[in-house]
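Please treat every number below as a calculation from the coordinates, not as lab data. If you're wondering where the values come from, they're calculated on a predicted model, not measured in any experiment. FYI the Cβ positions are ideal-geometry reconstructions off the backbone, even for glycines, and counts take in every protein chain you see.
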Amino acid sequence: MSNDLESRVALVTGGSRGIGRATCIALARQGARVAINYLQNESAAIKTLSQVEAVGGVGAIFQANVADELAVADMVAAIDAELGLIDLLVTNAAVSMQAGHSTLDLNDFRRIMATNVEGTLIPIMAVKDGMVSRGFGGIVCVASVAGLRPRPLGITYSTSKAAVVALARNFAAALGPEVRVNCVAPGLIETDMIAGLAPDVQDAMRDEAFVKRLGQPEDIAEAIVFLLSDKASFVSGQTFVADGGRITLP
């Protein structure tokens with residue numbers, strides 16, 4: 001892939017680990033200046049920054065709770081001052097939980113929705129007007145295949161990711177033609193988030209995939225970079241499923 005993101009400023013929320021870290025590195029390889037958002041784990045964010053710099057990239061770390069409107073506004077102002085105006089946004093910060101209907105707790109539901117849904121909406125709201133006024137912008141929201149199919153033991157998480165898909169679709173319609181907005185829906189990816197899944201569950205999901213393996217963070221990062229690049233200039237409002245073939249959309 002050519003460096004068509006050269007000189008662009010990209011904000012990746014939840015950029016300190018997993019898919020977020022891989023995305024920061026992939027964007028840096030394409031010449032983007034990368035703002036690495038994190039919530040608590042500063043050492044992980046520093047490690048991501050070192051890996052961005054190791055591939056010749058420029059970046060900086062920014063702490064903020066993406067579900068806090070004032071904190072996000074302060075973060076965006078700091079990014080503008082240090083790296084430049086934000087051209088590209090990847091909303092990746094998320095939390096997960098497993099709970100069936102009998103153990104579903106309203107407080108847990110609100111916590112998940114705050115991070116996964118409001119934590120997608122608030123960063124978009126913080127950068128969209130600037131993108132529209134400058135006539136350029138790219139946004140990719142990281143959803144999940146859990147938002148596309150029933151998850152009886154993941155009602156809260158699945159609902160939150162379905163909402164992320166809807167947010168991306170509606171913002172694509174609202175912000176076009178200046179800003180393209182798309183979703184990536186990963187399947188099972190080998191990150192910290194799947195640590196709670198039993199090995200036999202992981203094995204079953206691996207066997208269901210056409211490619212017979214779990215995904216790596218880099219698999220999703222490359223899809224995100226493609227959707228942000230000029231090569232995807234005719235793609236907006238779409239949900240790109242990257243799950244090794246476990247789900248096939250019509």
At 1.567 mPa s and 4 °C, Stokes diffusion of the chain via Kirkwood alpha-carbon radius, µm² per second: 72 µm²/s
GNM top mover of 235, 201, 184 - the chain, alpha-carbon springs below 10 Å: 201
The chain: angle of helix 42-54 to the longest principal axis, Cα-based, in degrees nearest 10: 60 degrees
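Counting other C-beta atoms within 10 Å, which of 151, 111 has the fewest, and how do the rest follow? Mind dumping the intermediate values first?
On the way: 151 19, 111 15.
Exposure proxy ranking, most exposed first: 111, 151.
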Separation of alpha-carbon centers, segment 161-177 and segment 131-149, rounded to whole Å: 7 Å
FRET efficiency, 1/(1 + (r/R0)^6) with R0 25 Å, evaluated for residue 190 and residue 231 via beta carbons: 0.40
Given charges at Cβ of Lys, Arg, Asp, Glu: segment 173-250 dipole, positive-most of 240, 179, 211: 179
Two-site label geometry, residue 60 and residue 198: point separation in nm, points 7 Å out along Cα→Cβ: 4.8 nm
Degrees separating the helix 119-134 axis from the principal Cα axis of the chain, which is the longest one: 30 degrees
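Under 28 Å between C-alpha atoms is the cut-off here; go through the chain and count lysine pairs that meet it, provided they're at least eight residues apart or on different chains.
Numbers: 47/161; 128/161; 128/231; 161/212; 161/231.
Within the chain, the lysine pair count is 5.
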Label-point gap, in nm, between residue 6 and residue 174 - each point 7 angstrom along Cα→Cβ: 3.5 nm
